[in-house]
Amino acid sequence: MDGDINATAPGTTPPDTDPARKRRVHGMLKLYYGLNEEGKTVDQAESMDPCDINGPHFDPEVYLNKLRRECSLGELMDQETCMVKQIRSLDSDMQTLVYENYNKFISATDTIRKMKNDFKKMEDEMDCLSTNMASITDFSARISGTLQDQHAQITKLSGVHTLLRKLQFLFELPARLNKCLELQAYAQAVSSHRRARCVLQQYSHMPSFRGIQDDCHAIMDKLAQELRQKFRDGGSSAKDLSECVELLLQLDEPAEELCDKFLSHAQSRLEADLLGLEAELRPPLSYGPTAVTDPYTGPAHRLSVEPTAGSPTGPSSLNNPFLSPSSRTDILEFIDRGCNEFVSSLCLVIASYQELFVNRPQEGELASKNIPQMAIGKLHAFVDALATRYFSLVERRIQEEKSVGDNSLLVRALDRFHRRLQAVAKLLPGSAVPSQGTEIVVRAARERIKQYLAALQSFYLNSLTDVRQALAAPRLGGSSAGVGSHLGGPATGKEAPASLPELLSTLSASILNQIKSVLASVHLFTAKDITFSNKPYFKGDFCSHGVRESLVVNFIKFVCQSSRQFCESAGDRGGSTPPALLLLLSRLCLDYETSTITYILTLTDEQFLVQHHSPVTAVTALCGEAREAAQKLLNHYVKVQGLIISQMLRKSVETRDWVNTIEPRNVRAVMKRVVEDTTSIDVQVGLLYEEGVRKAHSSDSSKRTFSVYSSSRQQTRYAPSYTPSAPMDTNLLSNIHKLFSERVEIFSPVEFNKVSVLTGIIKISLKTFLECVRLRTFGRYGLQQIQVDCHYLQMYLWRFVSDENLVHFLLDEIVGSTAHRCLDPAPMEQSVIEVICERGATCIPVFLPLTVPPASLSSCP
Amino acid sequence: MEDDAPVIYGLEFQARALTSQTAESDAIRFLVGTQSLKFDNQIHIIDFDDENNIISKSVLLHQAGEIWHISASPADKAVLSTCYNKSEASTLPFHVTRHLSRVVTCGAVWRMPPEWESGSHESPDDPHNSHNPQNLELLCHLDNSAHGNTSSVLWEPMGDGTRVISLADNHALLWDLTESSTQATISSSATLEGKGQLKFTSGKWSPHHNCTQLATANDTAIRGWDLRTMSQIYCIENAHGQLVRDLDFNPNKQYYLASCGDDCKVKFWDVRNINEPVKNLEEHSHWVWSVRYNHSHDQLVLTGSSDSRVILSNMVSISSEPFGHLVDDDDLSDGEDNHQYDKSKEPLQDSIISTYEEHEDSVYAVEWSSADPWLFASLSYDGRLVINRVPRALKYHILL
């Protein structure tokens, strides 16, 4: 192919040579300028394009062929002229460069010639210098040779001088030490001695030195003695003491002994503090300011204490505005004093001790003795022993803090106590003291809770006594006030029941207030600014176990329990507990069940943020207990009240001669008493309990139902009683009646409402009436009297009960049984009965006071 | 079980006196005295055929008056005593009753006519067999007008039927009867002294200590008496909150006594320590009128109350067999001994076995049968007598 190209384009050979030449020029230029300019083209050339005229791989053949193939003739011509132009410009460039280079070469040659001349001059000077130096060396050698002898002598002399000075120091040492001793400049003495000690030790075989050494020893012994004496005296300040100790240590005194001495010295001072505290704990010898003992004045000064509490003799009494002249120091003051005196001295002792024995930089032989460990051990034992005594004093004082009036004082005292112990903890890490202190605080808190519980309980019992008195007081005046009261009307006398709801609300409010104030007091223990409140005990156990369980829950349980005791301990005869109190307590317990318990516990939980780690008593369990107590109390109330009425009825039936009684003209007074008592009970219960549900009763109950009861049933029952088959009939009738009536539970539990309570009481009373009637034998008028009485009861009692049919049924039974027990059963005319009862209702005789036994009542017409 | 169903017998009259025929140890027989002011009162002799579950009765007339209390001689089947009301006005014209009528309660010892049993062989369903009933034969009166109303007559337990105590108002009178019981003489007496009108409500002759002790109840107090000296041994004041209605001695434990009363409670006493009852039962909802220990298994206690219920309780903890019947291993191999009991058994809990609600009126008397220890009768005021059995499961539990 190449052959074809060459053959077809022979005319292109001249431009072929051109690029080759150009390439050569190019290469030379490149050589001259380095690669700076051409770097780029080199890179481009690496594209290996043989047609790039500037590239290194330029192939003229290929380029020519390419041109020839691609370009028209005109273009080829243009290309040729362009190329020629370029070649020419390149040639002129080259010429310019060559010229410039030539000039530079010429100037360089000139410079070199000039330098050659300068160097020649310098060489001459250097030669001159070297000869001078040689002569100087020569002279110097000669001088040193002459001075050698004198120099040796001077050196020797100066050595002797130093030695002599040292010797002089040694010889003067005893005197100097003595002087120091006189001036009490112990530190200087010790440092002097230390300097000389080694030398003396070394040259002790020489008699003169030995003498000095002995002297020194004697003096230093004396000095040590004096130091020890000073140390022992203890009158000096802590700083003096520490200096003493330091010196003694330097004198090789045994560190252990020093520790002991230091501590025993400190102990004596601390014990003085403790004694001062203990003196306060002692019961006051007499009232008045002499009871305020002051540790600073001591027993000798005690008599001179001025009779005012603020006497300037005692700083403690000055500091305390709380101090009343007749009482002993309060707990805050006590703790304050303990902190200010004992704890701060203790801290000081610990600090200086540590400074002296523990934190000293150990040098030489002292280091090997391992003093710090020994010292720390001793310190711990010392602190523990003292702290134990201190704690026992504090605990004794805390135990004396019985009054629960103001808790803040105690809490503040405990806080201060605890806070100050933290200082000890910082000074002496690893000591058991702070944890013991916390223990004391915890114990105190526990004790406090117990005291609060006891206080709450006694408060509760006291309030109950108050209520009891309040209940008893108006009753005494009430017996006369009851004279004018009318049946069915509000019985203003007797029980003075108007005050019952007030009593209840005062009672429950005062209990609640008391609980709240106790909670507030106890809450101080967990206040944020109190240091120990962050202890885990106070965050958890104290709140849930202490406050919630042992305080609040226990108190509620106590309330329920003591309420229940009223039912049991009161005995079966009704006991000494006034029924009104039973009723009131029952309502109280019921209120507790419905709201108060939940309220109190929620309050507690909120105030104390109780987190229950351990299982706690559930609200429902407490409520159940309260309800049970309420039920029991109410049942007991019904029983007691029922019994009171029963007794009246029973006596009235038992003590009368029913066979020989006269024709009834009036309702017996006992029945009026029964109705009146029932009414007052109704009022009393109505004050505390809701009405309750009754079965619907007919609009005109007293009349209509009774007329049915007496005319229809009663007539049929007694009319055929002279026929031989009568007993069967009556039995049959009564049995049929019973078939359709429910069994009457007499002493059954009652519901929490008025109607149920009254129903219970009336049931008990009427059943008693029935049973008593069955044990007696009646004459004709006896039966009639019972008829009248029952009608009277019928007229008034139906309104109290939930189901009037119950009253009808029981009264029916009574009249029926009476008829059975009657020798001459001739019932009274219904109209006559009604007339008698109406009359009895309108003109009520003056009721006899309670003290007259119902037996005498029954003898009234 | 079918045969555990109660058997009910109705009297025409109201009644509150019930006793089992103490001297009869084969037949199950109860005596009931009626209370009627208008008709002749009767004593119903009620035989119960355990196998066939059939009741047969015979009636004797007790014309003296309504019967408040009845008790049978422990020695002679035919002899019994009653306390009855004698109203002297019942026969007089009405308009003068006020001046003359007087009701007194008397005690008397009677003998049943020998032929009564023949009457009972008639069909029990025949309503006419009581048409011409026979009269009781009066043996003697236990009367002493100076002593007032007789509330109960007690025979010497397991005695020969010659010693009787009657309680009259505030006197306890010990009578000696002749062998034929035709004559009674007061051998000694004790009087309750105190404020007010004291009256014995009930009493019980202790079967222990050679029958030398008597317990009485008046108002809320229980008193023990030594019959040899007729002096008081102990007095439990305020044993019950209200009236004490009945007493019974534990047949196996000599110092144990049960009482019941108007406070709805049954109390068990150890008379050596009278400050506190050993046990309290409060199951009835009204006055408890009668309490009875089972004659052989004293853990079974029966009570009747005016709430119309009869309650059978199992007072194991204070019974003579607190751990069941303890038997040696040797005895266990003995085939004849039925009372085998597992020694390792836990002490049983006191419990209510059963409450019987067949009555519709107040139950004034309950009584165990003297012949069959697993059977008892209760009597309510409307004249209904109910015979019940101890539940079988319990019976076997006690026996085995």
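Any read-out appearing in this document is the output of simple, stated calculations on the displayed coordinates, not a laboratory observation. Not measured: the values here are computed from a predicted model. All Cβ positions, glycine included, derive from the backbone under ideal geometry; neighbour counts span all protein chains shown.
Cα centroid separation, segment A:82-135 to segment B:134-188: 177 Å. Taking a point 7 Å out from the Cα of A:THR598 in the direction of its Cβ, the residues of segment A:620-650 whose backbone N falls within less than 12 Å of it are A:620, A:623. Cα extents for segment A:124-191 along the principal axes, largest to smallest and rounded to whole angstrom: 80, 25, 12.
Which parts of segment A:760-798 would a label at B:VAL104 reach, counting a residue when its backbone N lies under 13 Å from a point 7 Å out along Cα-to-Cβ? Within reach of a label on B:VAL104: no residues. Checking the cross-link pairs A:LYS450/A:LYS528; A:LYS651/B:LYS204; A:LYS672/B:LYS38; A:LYS450/B:LYS267; A:LYS767/B:LYS38; A:LYS767/B:LYS265 against a 28 Å limit on the alpha carbon distance flags A:LYS672/B:LYS38; A:LYS450/B:LYS267 as lying beyond it.
Fully extending the segment from A:GLN148 to A:ASP384 would add 77.4 nm, taking 0.36 nm per residue of separation and subtracting the current Cα-Cα distance.
Using r as the Cβ-Cβ distance of B:ILE353 and A:LYS402, and R0 as 60 Å, what FRET efficiency do you calculate, to the nearest 0.05? With R0 = 60 Å, the Cβ-Cβ based efficiency is 0.60.
A crude spin-label estimate for the pair A:GLU502 and B:SER180, with each label 7 Å from Cα along the Cβ direction, gives 8.3 nm.
When you work out D = kT/(6 pi eta Rh) for segment A:52-126 at 37 °C and 0.692 mPa s, using the Kirkwood radius from C-alpha pairs as Rh and the Stokes-Einstein form, the result is 191 µm²/s.
Once both labels are positioned 7 Å from their Cα atoms along Cα-to-Cβ, the gap between B:GLU283 and A:SER92 label points is 14.7 nm.
Can you pull the mean other chain C-beta count within 10 Å for peptide B:278-291? Display every interim value, and only then the final one.
Values: counts 0, 0, 0, 0, 1, 0, 2, 9, 10, 5, 0, 1, 0, 0.
Mean shielding count: 2.
For segment B:184-330, the Cα gyration tensor yields ellipsoid semi-axes of 26, 21, 13 Å (square root of five times each eigenvalue, largest first, whole Å). Between B:GLU137 and A:THR465, the simple spin-label model (points 7 angstrom out along Cα→Cβ) gives 7.5 nm. What the Cβ-Cβ distance of A:ILE112 and A:LYS85 gives, at R0 = 41 Å and to the nearest 0.05, is a FRET efficiency of 0.45. Counting 0.36 nm for each residue step from A:GLN201 to A:MET48 and taking away their Cα separation leaves a gain of 45.3 nm. Per residue of peptide A:768-779, the mean number of Cβ atoms on other chains within 10 Å of the residue Cβ is 4. Between A:THR620 and A:SER264, the contour length at 0.36 nm per residue exceeds the alpha carbon distance by 122.0 nm. With N the number of residues in segment A:120-250, Rg(Cα) / (2.2 N^0.38 Å) evaluates to 2.06. If you plug the beta carbon distance of B:LEU243 and B:HIS208 into 1/(1 + (r/R0)^6) with R0 = 22 Å, you get a FRET efficiency near 0.30.
Of the listed pairs A:LYS402/A:LYS557; A:LYS402/A:LYS539; B:LYS86/B:LYS279, which have alpha-carbon separations greater than 31 Å here? All intermediate terms of the calculation are to be shown ahead of the outcome.
Working: A:LYS402/A:LYS557 23 Å; A:LYS402/A:LYS539 25 Å; B:LYS86/B:LYS279 40 Å.
Among A:LYS402/A:LYS557; A:LYS402/A:LYS539; B:LYS86/B:LYS279, the Cα-Cα distance tops 31 Å for B:LYS86/B:LYS279.
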